[in-house]
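Below is one structure, written out as structure tokens, with a few remarks after it.
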Amino acid sequence: MKVKVKNCIQCGRLFVETAGAICPGCFHLLQEQEEQVFRFLQRNGGHGLLEQIIAATGVPKSVVIDMLKRGWFQGEYSVEYPCERCGSLISDGKLCPTCIRFVRHEVRGSANTDIVTTRKNRFHSWEDRHKKK
């Protein structure tokens, strides 16, 4: 059996390949950072703002965002962060309900415009089709 060695994506050190992409040292550090976030939330009634968590724990924003993406704060924990479009605070997804409605409206509007434009370009009058060249 061959032993595969690769570089850790976090620190760059060589390590024997396991299921993860990070070395055991970085994995241990990541676990400690995640525990810090949960301890902060427990001390604050299960609720916190993204920026508060980062400031209070010193955990990098990327770690907290990754925890959000993996769904770690569902149920008894609530973490609020800014909507990617308007900046209002949300606790799920990337957009607030108002921006979701706005984007849906814009998509529907542009889809209808594209259909009308396509139809105008595709269908011609009887005279256009029978012009002598």
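FYI, it's all coordinate maths here, none of it is from the lab. Computed from a predicted model, the values in this text were never measured in an experiment. Counting neighbours? That spans all protein chains shown, and the Cβs are built from the backbone with ideal geometry, glycine included.
A few comments on the model shown:
- Vicinal HN-Hα couplings computed from phi for the stretch 8-13 (Karplus, 6.51 cos²θ - 1.76 cosθ + 1.60; Hz; Gly/Pro x): 5, 6, 8, 10, x, 5
- In sequence order, the stretch 17-22 has phi-based couplings of 4, 10, 5, x, 9, 10 Hz under the Karplus curve 6.51 cos²θ - 1.76 cosθ + 1.60, θ = phi - 60°, and Gly or Pro positions carry x.
- Per-pair calculated FRET efficiency, R0 = 22 Å: ARG85 and VAL107 via Cβ, rounded to 0.05: 0.95
- Near ILE90, the amide H atoms lying under 5 Å from its own belong to TYR81, CYS83; only residues 5 or more places off or on other chains count, and H is placed 1.01 Å from N.
- Segment GLU17-HIS47, extension gain: residue separation times 0.36 nm, minus the distance between their alpha carbons: 7.1 nm
- Long-range HN-HN contacts of LEU49 with modeled amide H, under 5 Å: GLU80
- Full-extension gain in nm, GLN33 to ALA55, via 0.36 nm per residue minus C-alpha separation: 6.6 nm
- 3J(HN,Hα) along the stretch 76-83: 7, 10, 9, 10, 9, 8, x, 4 Hz, from the Karplus curve 6.51 cos²θ - 1.76 cosθ + 1.60 with θ = phi - 60°, whole Hz, x for Gly and Pro.
- Length available on full extension from LYS2 to LYS69: 0.36 nm per residue minus the Cα-Cα distance, which gives 20.7 nm.
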